[in-house]
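Here is the structure we will look at, set down as structure tokens.
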Amino acid sequence: MKKLACCLALLASTATAAEIAPAAASLHPNLAGQVSRPIRYRPDGPDFVIHNGAEFFNRSLYGGHSAFRVDGGDNPEFMLYLPGRGGNLRLALRWPGGARWLHEAASIDTRYRPGELLYELRDPAWGATAVLRLDVLAYARTEGLILRAEGKGLPPGAELLWSYGGVNGERGRRDGDISTERVPIAQYFQFRPEFAARNQFTISGEGFTLSSPAATIAGVVPAGTALHVAEGGAWNDLAAMLSPDASSATPVMVARTPLINA
């Protein structure tokens, strides 16, 4: 280590003034008054809270002592990392007057605490006092994700919709760490239909099983949930996702679960 430090000092000392000038001109020291940044997250007790944050997949939930994790974020969409892509889970709310992806809700309050993400969502279309709460965490004794949804003041007949799929085991340059991929994580972990090309779903009384060369994923759903396979190419089209397509070459699972207002 001493030899390396000496060598670097020697190389620096042999540079001419002409060589130093361009480098010095590009330096941006951290001076007072030049380092201020807006505070995105505010502390609240043991939690970090943000209102209408823009990020996806920037908050990881770890359960047990393994490389598995769930990448959530400011917005309520989730990606399972096995390691390798283990599928995206996207949520929506459907009511008699319409349907909307939850990440498009007018108001999203996100609360992060160790091992858990909590969301409170509001939208004028649901009613002036309506709120949907989500609690999301990773299991400790097995590799998985559990989600609880609770509505208050929602329109009668409201349903929680969700879509899941895209398991191919693809690994990133550094397993999807923030700022290590060629594009931002918010883009990198978005679902693409080709990720679901070799997925197969089997629906059972308690939920479903997704089989792929990378992994087998079991999903357990509440009683009264309606399940169907849809076309992965329609991932961003909520209305189209509600149309079953059991013959799709890029299948994803879609579910509708009645919500009971608290």
Amide H contacts of Leu154 (H built 1.01 Å from N, under 5 Å, at least 5 apart or other chain): Val131
Helix-only estimate, please: 222 nm mean residue ellipticity of the chain, summing -39500 (n - 2.57) across DSSP H runs of length 4 or more and dividing by its residues, to the nearest 500. -3000 deg cm²/dmol
Using a 10 angstrom Cβ neighbour count of at most 16 plus a DSSP loop assignment to flag exposed trypsin sites (Lys or Arg not before Pro), which longest range of the chain is free of such sites? 41-140
Using Cα pairs closer than 8 Å and at least 6 residues apart in sequence, work out the relative contact order for the chain, in percent. 15 percent
Running a GNM on the chain with Cα contacts under 10 Å, which residue among Gln187, Gln34, Gln200 ends up with the highest mean-square fluctuation? Gln34
For the chain, set up a GNM with springs between Cα atoms under 10 Å and report which of Ala128, Ala186, Ala158 has the largest fluctuation. Ala128
For region 86-102, in residue order, the Karplus 3J(HN,Hα) values (coefficients 6.51, -1.76, 1.60; θ = phi - 60°; whole Hz; Gly and Pro = x) are x, x, 9, 10, 10, 10, 8, 10, 10, 9, x, x, x, 8, 8, 4, 5
Charges at C-beta only: +1 for Lys and Arg, -1 for Asp and Glu. How large is the resulting dipole of region 111-262 about its Cα centre, in Debye rounded to 20? 320 debye
Suppose we take every Cα in region 98-209 and form the convex hull; what volume per residue is that in Å³? 168 Å³
The orientation-averaged projected area of the Cα convex hull of region 42-258, in nm², is 12.0 nm²
With a 10 Å cut-off between alpha carbons and a GNM built on the chain, which of Val167, Val221, Val183 moves the most? Val183
How large is ³J(HN,Hα), in whole Hz, for each residue of region 37-54 in order, when computed from phi with the Karplus curve 6.51 cos²θ - 1.76 cosθ + 1.60 and θ = phi - 60°, using x for Gly and Pro? 9, x, 7, 7, 10, 10, x, 9, x, x, 9, 10, 10, 9, 10, 6, x, 9
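Values in this text are rule-based calculations from the coordinates and carry no lab data. Keep in mind the model is a prediction, meaning the values are calculated, not measured. Here the Cβ is made from the backbone with ideal geometry for all residues, glycine too, and neighbour counts use every protein chain on show.
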